[in-house]
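The values are calculated or read from the model by the stated rules, or taken from the named source; none is laboratory data. Please read all numbers here as calculations on a predicted model, not as lab measurements. Because the Cβ atoms are built from the backbone with ideal geometry, glycine has one as well, and the counts that use them run over all protein chains shown. Each accessible area value is taken on the protein alone, full model and side chains, heavy atoms only, with ligands, DNA and RNA left out. Shrake-Rupley method; radii C 1.70, N 1.55, O 1.52, S 1.80 Å.
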Amino acid sequence: MERYANRSGNSPITYYQKEEDKVIVWFKGNSKAYTYSYRKAGKNHVETMKTLARNGLGLSANITRNVKFDYD
């Protein structure tokens, strides 16, 4: 698990974890982790999320626009 850099300063994401076929995301005020996998969210979306997580910018907006309810 890695701390999300939150370069915009207003992201609700606190931590993330990248795995081969998924990204796990933790949000402020919520102890539940959300897992976005190739199976549910799709490979292209998950790979984009990995890049955004690493960059610390745009991950929350991307989740909202593309995979909001596609978590396992």
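Checking [x] 32, 14, 10; [y] 17, 13, 11; [z] 29, 16, 11 against the coordinates, the calculated semi-axes √(5λ) of the Cα gyration tensor in Å falls under label [y].
Among Lys40, Lys32, Lys22, the residue with the largest mean-square fluctuation in a Gaussian network model of the chain, with springs joining Cα atoms closer than 10 Å, is Lys32. Surface analysis of the chain yields an accessible area of 61 Å² per residue, using protein heavy atoms and a 1.4 Å probe.
Once the Cβ-Cβ distance between Asn44 and Arg3 is put in as r, and R0 is 30 Å, what FRET efficiency do you end up with, to the nearest 0.05?
0.75
Can you give me the angle between helix 43-55 and the longest principal axis of the chain, using Cα atoms only, in degrees from 0 to 90, rounded to the nearest 10? So the inclination is approximately 20 degrees.
In a fully extended conformation the segment linking Asp70 and Lys32 would gain 12.2 nm over its present Cα-Cα distance, using 0.36 nm per residue.
In the chain, what percent of the accessible surface is made up of carbon and sulfur (1.4 Å probe, ligands and nucleic acids excluded)?
On the way: 1960 of 4410 Å².
Carbon and sulfur atoms account for 44 percent of the accessible area of the chain.
Taking a straight line from the alpha carbon of Lys18, these lysines sit under 17 Å away, with near neighbours fewer than eight places off in the same chain left out: Lys32, Lys40, Lys43, Lys50.
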